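Enquirer: Okay, here's the structure, questions in a sec.
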Amino acid sequence: QGPECPSGIFLPRPSRVLVLLNPRGGTGRALKLFEQRVQPMLAEADVAFTLLLTERPNHARELVREVELARWDALVVMSGDGLMHEVVNGLMERPDWETAIRKPLCTLPGGSGNALAASVNHYAGNEQVTNEELLTNCTHLLCRGLLAPMDLLSLQTASGRRLFSLLSLAWGFIADVDVESEKYRRLGETRFTLGTLLRLAALRTYKGRLAYLPREGPTPPAPASSDPSPPVSGSDDPSPPASGPKDSLLVPLEQPVPAHWTVVPEEDFVLVLALLQSHLGTEMRTAPMARGADGIIHLFYVRAGISRVSLLRLFLAMERGAHLDQGCTHLVHVPVSAFRLEPRAGRGMLTVDGEVMPTEAVQGQVHPGLCRIVGGIPEPSLGGGAATPAS
């Protein structure tokens, strides 16, 4: 069973937090914004911090894999979604992953892709905002310090890697836009709008097989012990094998999916998206029904044959979370507990939390409430009483 975080659990006061900040993320203004906007609010809320600037890819991952976590009450990530991906996977690669992954996490938007921050802002009941307004809202949540459970997505790949996602896996159109718009990162969040328009002009389809386990009732709890034979890392991955809970819903990738899974009959897609959170971008309310700790993977796919106009209309409606009301027969949304995607002939980009992955067969299952986030939706109180600090 994933660790519970009942309503009324707060960070202690005074608090000590480690802030991991990527000074090159987004438009390159994260450090200046931290000093001007975040730091004064932390001082007023009696939150002491240690600031660490990341210097290279996987720097944060390496750090949290080795650091003495007891020195801080929370790990704060000020960057895009990719840096939080590093932190989560670094925690899950530790020998003490079961306690390490319970260290409270906080996201402050400082990159061009800030979907997790937008989702947490949404769960807190705030209006959808962007840029410095979103940063201010998320910093307020850190100063308040209310903790909530958050699901993780465990992924297994054909090359033997195991990794964890707090946000999404994307294949096809969305992943292409994410990767191809990287060259426009200095535009901030506008890079995704430009990338979408460019990819629409040269719309592609992707061939592959998709199968899933529909979500019916509560997701079976994962055992707390490690998988006795976790997959090993691929040769191109310098990280040690991830540990973590056993993926009890999955069979090895070389075997057919279980008979009670649903196999999608179509094999030509425009996109496939497995999403844990409400937002895919600061202005993309892709799964407005998501709650972050509901044990659900929101699986979306768009069949081949959709027109450019219809696809553009879907993305425009996504800003207000109305794309599912468009009556588009090419768009499918299914709540699932696990899925398998097998791209054919290595076609199409594959990303996890916005980070590029080898295009290969991949499968995953949700692990409910495995980590804790600052500012999400708290679980109903398990007995009432006064709010208490987190242990």
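Enquirer: With Cβ to Cβ distances under 15 Å as the rule, what net charge do the other residues near Arg37 carry (K, R +1; D, E -1)?
Expert: Result for the local shell: -2.
Enquirer: Sticking with this one: As a test, work out the antiparallel percent of DSSP beta bridges whose residues both lie in the stretch 15-151, rounded to the nearest 5.
Expert: If we restrict to bridges inside the stretch 15-151, about 0 percent are antiparallel.
Enquirer: Using the Kirkwood radius over Cα pairs, work out the Stokes-Einstein diffusion coefficient for the stretch 15-151 at 25 °C and 0.890 mPa s, in µm²/s as a whole number.
Expert: 165
Enquirer: Still on this structure, please answer the following. Under a Cβ-Cβ cut-off of 10 Å, what is the net charge of the residues other than Gly348 that fall near it, where Lys and Arg count +1 and Asp and Glu count -1?
Expert: Result for the neighbourhood of Gly348: +3.
Enquirer: Between Lys32 and Leu51, with labels modelled 7 Å along Cα→Cβ, what's the label distance in nm to one decimal, could you check?
Expert: About 1.4 nm, to one decimal.
Enquirer: How large a share of the accessible area of the stretch 15-151, in percent, is made up of carbon and sulfur atoms when the probe is 1.4 Å and the other protein chains stay in place?
Expert: 46
Enquirer: So, counting K/R as plus one and D/E as minus one, what does the shell of residues with Cβ under 13 Å around Glu254 add up to?
Expert: -1
Enquirer: Arranged from highest to lowest average of other beta-carbon atoms within 10 Å per residue, in what order do the peptides 112-118, 245-251, 11-17 appear?
Expert: Order by mean packing, descending: 112-118, 245-251, 11-17.
The values are calculated or read from the model by the stated rules, or taken from the named source; none is laboratory data. Computed from a predicted structure; not experimentally measured. Note: ideal-geometry Cβ built from the backbone for every residue, glycine included; neighbour counts use all protein chains shown. Protein only, heavy atoms only, side chains kept; ligands, DNA and RNA dropped before computing areas. Shrake-Rupley method; radii C 1.70, N 1.55, O 1.52, S 1.80 Å.
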